[in-house]
1. In region 218-232, which residues are within 12 Å of the chain's Cα centre (by Cα) and under 18 Å from Ser174 (Cβ atoms)?
2. Could you please find all residues in region 100-117 being without any contact (Cβ under 8 Å) to a residue 12 or more places away in the chain and part of a loop (DSSP other than H, G, I, E, B)?
3. Please work out which residue is nearest to Cys420 (Cα to Cα), limiting yourself to region 324-349 and to residues that are over 26 Å from the mean Cα position of the chain (by Cα) and buried (at least 19 other Cβ atoms within 10 Å of the Cβ).
4. Within region 283-301, restricting attention to residues that are under 15 Å from Lys328 (Cα atoms) and assigned to a strand (DSSP E or B), which residue is most open to solvent (accessible area, probe 1.4 Å)?
5. With respect to the numbered conditions (1) open to solvent by less than 80 Å² (accessible area, probe 1.4 Å); (2) more than 18 Å from Pro343 (Cβ to Cβ); (3) among the small types (Gly, Ala, Ser), which one is the sole condition not fulfilled by Ser437?
6. Of everything in region 440-456, what is at pLDDT 95 or above and surrounded by 17 or more Cβ atoms within 10 Å (Cβ to Cβ)? Give them in sequence order.
7. Residues that are in contact with a Lys or Arg (Cβ under 7 Å, 6 or more places away or on another chain), at least 1 per element: which helices (runs of 4 or more DSSP H) completely within region 369-470 meet that?
8. List, please: which pairs have Cβ atoms under 6 Å, are six or more places apart or on different chains, and start with a residue in region 47-59 that is under 9 Å from Ile149 (Cα atoms) and aliphatic (A, V, I, L, M) and end with one that is modelled with pLDDT of 85 or more and assigned to a strand (DSSP E or B)?
Amino acid sequence: MAAALVRLWQRRLSSAPSSSARVLSSVLLRSLHSAAPASSPIEQHEPIKPKGKWLTLPPFSPPIDGVSVGKELAGRPPVAETEPMSALKWIRRCCPHLPMSLVQKLFRLRQVRRVQTAQVVYDGNATPAEQGRLRRVSVKDAMMPGEVILLPVSVQNLPTEGSYRSKYNDVEISFVRSLELYKDEAIIVVNKPPGMPVQGGVDIRYSMDVLAANCLKYECSEPPRLVHRLDRDSSGVLVLGRTQTSTTILHSLFREKTSGALADDINVTQRPLQRKYLALVIGTPRHSKGLISAPLAKIVLEDGKSERIIIAGGGKSASSQHALTEYKVIRSSHDYTWLELFPLTGRKHQLRVHCAEVLGTPIVGDHKYGRHAHRKWEPMRLPESIIKGEKILPKEKLPFGLELDGRSISEKLPGLHLHCKQMVLPNISVALQKLQSSTDHDFSKVEKLNLVAPLPSHMQRSWEILSSLL
């Protein structure tokens, strides 16, 4: 409206003295510029504006460096200034729903424009002269503060990730949301059920990353993203980032957790990220507590497809990774032991291999690394106290093919007894608020989140069985 008013005045003043026309036109343009909304980070969800034949992205402002924030939250010096953000990355950040192939095609067809003058940003019906100021953009062009990218308006008609929600019914959506343990503007935390893969792949129909993207997006413009892994048959605390910035910060925190442990910085009170697992193992460790330090390596089995993690032999090979795990015995009963496990590094199958190969006490239900112990497996008979107090209930049918009943130590085929019970990490949402409100921030005083996940039903039942025998 304001831009149309400017052009109307310019036409009416065309017959007036040129100096008067220029003065009045200049005043109106300055007024239009001052009324334009200030630029803000993409994290503030500034709307993308369709104007004429162009879709106007928010003015570029350098995004928060998540890697540096993660390092500071871990008590380490931030990294040096990173390289400028390219036009391709900025578009992907503003429009995460657009396929990469489409974005690259837009660049190849020269359908991506950049504008630097303020009145063009907010004037969808730009004059031919103003249109001429638009510049073509290449994939690697560096973005400068205040610059605005324009895309063909037709891209807004493409289906977004939110449109996939209809593939799940209300029962399935409610079940996924019932797994939530915590949610704020930066992260969402769920209690992953056993048997549910964290990440999709070949022959995997349902996975937590896809379910979260479809059922846990809520009002956010971006779907939740994975920042760490849990084994398919394990359960417990699973943290997802709700924005690209918070995801980057969490990735950095998890990396610093491992690098800090390898640098012998393993003081419990100084760890920015702490995880506690509960596991039921077969047998009893020689010592009631200790630190396991054993490198791990991956090998391919004879079939050429299956993989297995082993303790690396003498001499550190190029393919091995050092792994550290603290453990503590909670209680022992009838040749079973409950352990608390604290992984100081985050290696694949680390806890399962350390328990089976180093402690000599494989985890109950781990048929991969404890197959020899399970060959002579005998289900534990239920104590009379449990049998008398039991009520026979109909078996509940759960979505996504999950079977959470049974599989305790009283079953012929027990499930994996490994559960991420607790995670303590800095409050990312508060850290981001501090960063945006002040340049002089102190992350050392950021509060910690204490996230706790209840035991799955099969582990809870095993706990009750062994407790009744003490």
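1. Of everything in region 218-232, just one residue is within 12 Å of the chain's Cα centre (by Cα) and under 18 Å from Ser174 (Cβ atoms), namely Pro224.
2. Hit for region 100-117 is Leu109, nothing else.
3. Leu339
4. Lys289
5. Condition not satisfied by Ser437: (1).
6. Scanning region 440-456 gives Leu449, Leu451, Ala453, Leu455, Pro456.
7. Those helices (runs of 4 or more DSSP H) span 457-468.
8. Once the first residue is under 9 Å from Ile149 (Cα atoms) and aliphatic (A, V, I, L, M) and sits in region 47-59, its partners that are modelled with pLDDT of 85 or more and assigned to a strand (DSSP E or B) give Leu55/Leu151; Leu57/Ile149.
The values are calculated or read from the model by the stated rules, or taken from the named source; none is laboratory data. Since this is a predicted model, take the numbers as computed values, not measurements. All Cβ positions, glycine included, derive from the backbone under ideal geometry; neighbour counts span all protein chains shown. Note: areas computed on protein heavy atoms with side chains; ligands, DNA, RNA excluded. Shrake-Rupley method; radii C 1.70, N 1.55, O 1.52, S 1.80 Å.
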